[in-house]
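The values are calculated or read from the model by the stated rules, or taken from the named source; none is laboratory data. Bear in mind that the values here come from a model prediction, so they are computed numbers and not experimental data. Methodologically, a virtual Cβ is constructed for each residue, glycine included, from the backbone with ideal geometry; neighbour enumeration extends over all protein chains shown. Side chains included, ligands, DNA and RNA excluded: accessible areas come from the protein's heavy atoms. Shrake-Rupley method; radii C 1.70, N 1.55, O 1.52, S 1.80 Å.
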Amino acid sequence: MFLITGCNGQLGRELSARIPDAILTDKSELDITDFNSVQDFVNRNKIDTIINCAAYTAVDRAETDIDIAQKINCEGPKNLAKTGRKIVHISTDYVFDGTGHIPYTPSDMPNPVSVYGKTKLAGEQAVMKYSTEYIIIRTAWLYSQYGNNFVKTMMRLGQEKESINVVSDQIGTPTFAGDLADAIVKILPQINRNTSGIYHYTNLGVCSWYDFATAIMNIAKSKCQVNAIPSSEYTTAATRPFYSVLDKTKIMQTFGIQIPHWHASLINCMQQLQHM
C-alpha cells in the first residue's frame with residue numbers, strides 16, 4: 001500500500017491521479033512532525049511505501065518561519081524514514097548555492113544559501129540516516145495545472161498587463177509535475193538497497209525565468225511584453241541560486257526513464273489549463 005503525503009500539492013495531486021488506490025494525506029489527516037502519529041498511521045494502514053510530497057515551500061517566508069520550516073522539511077522526513085518503510089522523498093535544487101556553471105550531479109557537494117535550502121538538505125540527510133531503501137529526488141521550478149505556480153501566474157498577467165518584468169540571470173529548468181509523477185510511478189517497483197540514493201529530475205533543456213515567461217506568453221498568444229531585468233532589481237528575502245541546472249543522467253540510466261524537453265511539456269500543460 002502506498003501513502004502519499006502532501007496530497008493536495010502540485011505533485012501530490014498528479015501522483016494521486018496515477019496511483020488511485022494510494023492513501024492520501026495532507027496535514028489535516030496526518031501530522032508528519034509527530035512521530036507517534038506517523039508510526040501508528042503507517043502500521044494501521046499497512047503502508048509499505050511512502051511518497052513524501054509534504055514540504056514547507058514558502059521560500060521567502062522560511063527566512064523568518066525557521067522553526068516551522070525545520071519541522072516540516074526535516075523532522076517530517078525523519079519521522080517518515082524512521083518507520084522503516086520504503087520512501088520516495090522530494091527535495092530541491094535549493095540545496096546548491098547556484099554559483100556553478102555546469103549541471104549539478106547528485107554527488108556534487110550541497111551548499112544551501114537559504115533557510116528553505118538548509119532545511120530541505122537536513123531532510124535529505126535524515127532520510128539517508130534512518131532509511132535503508134530510499135529514493136531522494138531533487139527537482140526544480142515545478143508547475144502543473146494545480147495550485148499556484150509561475151505558469152498560471154504568467155498566463156493571468158498576460159491577460160491583465162501590457163508588460164511585465166522578469167529576471168533573466170537565474171538559470172535552471174522548469175519541471176512539469178505530471179512528468180515527474182510519471183517518473184516516480186516507474187521508479188516505485190525498482191526501489192531496493194542497490195538503487196537507494198539521491199537523484200535529479202527536471203525536464204530537459206535550460207532557460208532563464210525570462211525565457212520561461214516569454215515562452216508562456218508566446219504559447220498563450222498574449223500581447224504582453226516581457227522585459228528582462230537582473231535579480232538586483234527584484235529583491236527577495238531569500239537568496240536564490242543563480243544557476244541550478246540539474247544533471248539527470250543517473251535517474252535516466254538507473255531506471256530507464258525518458259525525460260521530455262521543458263518546452264514540449266509546457267505546451268502540454270498549457271493545453272490542459274486552457275481546457276479546464
Listed residues Lys221, Lys248, Lys71; largest mean-square fluctuation, Gaussian network over the chain with Cα springs below 10 Å, found at Lys221
Over the heavy atoms of Glu233, what accessible area does a 1.4 Å probe trace out, to the nearest 10 Å²? 130 Å²
Determine the sum of side-chain charges near Trp209: Lys and Arg each +1, Asp and Glu each -1, restricted to other residues whose C-beta is under 14 angstrom from that of Trp209. -3
Taking the dipole about the Cα centre of region 150-276, with the C-beta of Lys and Arg at +1 and of Asp and Glu at -1, give me whichever of Leu204, Ile187, Thr236 is farthest to the positive side. Ile187
I want the antiparallel fraction of DSSP beta bridges within the chain, as a percent rounded to 5. 5 percent
Given Cα pairs under 8 Å that are at least 6 residues apart, what percent is the relative contact order of region 93-169? 22 percent
Distance histogram in 5 Å bins (all Cα pairs of region 188-228, percent per bin): 5, 17, 18, 13, 9, 7, 8, 11, 8, 5, 1
Give me the number: length gained by fully extending Asn268 to Asn45, i.e. 0.36 nm times residue separation minus the C-alpha to C-alpha distance, one decimal in nm. 76.7 nm
Using a Förster distance of 45 Å, how high is the FRET efficiency between Asn165 and Lys27, based on the Cβ-Cβ distance and rounded to 0.05? 0.85
Hydrodynamic calc, the chain: Kirkwood Rh from Cα pairs, then Stokes-Einstein at 4 °C with viscosity 1.567 mPa s, so D in µm² s⁻¹ is 68 µm²/s
Along region 174-191, Karplus-curve 3J(HN,Hα) (6.51, -1.76, 1.60; θ = phi - 60°) to the nearest Hz, with x for Gly and Pro, reads x, 9, 6, 4, x, 5, 5, 4, 4, 5, 4, 4, 6, 6, 3, x, 9, 7
Would you mind working out the magnitude of the charge dipole of the chain relative to its Cα centre, with +1 at each Lys and Arg C-beta and -1 at each Asp and Glu C-beta, to the nearest 20 Debye? 500 debye
Using a/c under 1.5 as the rounded threshold, could you call region 118-273 rounded, prolate or oblate? The axes a ≥ b ≥ c are square roots of the C-alpha gyration tensor eigenvalues, and prolate needs a/b larger than b/c, oblate otherwise. prolate
Counting Lys and Arg as +1 and Asp and Glu as -1, each charge on the Cβ, what is the dipole of region 37-173 about the Cα centre in debye, to the nearest 20? 580 debye
Cβ under 15 Å from Ile259's Cβ, Ile259 left aside: what net charge do those residues give with Lys, Arg +1 and Asp, Glu -1? +1
Along the positive direction of the dipole of region 2-132 (beta-carbon charges: Lys, Arg +1; Asp, Glu -1; about the Cα centre), which of Ala62, Gly117, Leu24 reaches farthest? Leu24
Work out Dmax and Rg for region 206-257 from the C-alpha atoms and quote the Rg first, both in angstrom. 15.8, 43
Taking the dipole about the Cα centre of region 94-200, with the C-beta of Lys and Arg at +1 and of Asp and Glu at -1, give me whichever of Tyr146, Phe176, Val166 is farthest to the positive side. Tyr146
Debye intensity ratio in log₁₀ form over the Cα atoms of region 96-198, taken at each q of 0.17 Å⁻¹: -1.04
About the Cα centre of region 199-276, what is the dipole size in debye to 20, counting +1 per Lys and Arg Cβ and -1 per Asp and Glu Cβ, all else neutral? 120 debye
Considering the alpha-carbon set of region 1-98 alone, what are its Rg and its Dmax in angstrom? 13.4, 43
Considering only the other residues whose Cβ falls under 9 Å of the Cβ of Asp48, what net charge follows from Lys and Arg at +1 and Asp and Glu at -1? +3
Folded to 0 to 90 degrees: helix 150-160 orientation relative to the chain principal axis, Cα: 30 degrees
Region 48-79 scanned against label point 7 Å out from Phe35 along Cα→C-beta; backbone N under 12 Å for 75-76, 78-79
Volume per residue (Å³) of the convex hull spanned by the alpha carbons of region 127-172 is 115 Å³
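State in Å² the accessible area per residue of the chain; use a 1.4 Å probe, count heavy atoms of protein chains only, and round to the nearest integer.
Result: 46 Å² of accessible area for each residue.
Among Val206, Val185, what's the order by accessible area (1.4 angstrom probe), most exposed first?
Val206, Val185
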The chain, accessible surface, carbon-and-sulfur percent (1.4 angstrom probe): 49 percent
Stretched out fully, how many nm does the piece from Met109 to Asp65 gain, at 0.36 nm a residue minus the Cα gap? 13.3 nm
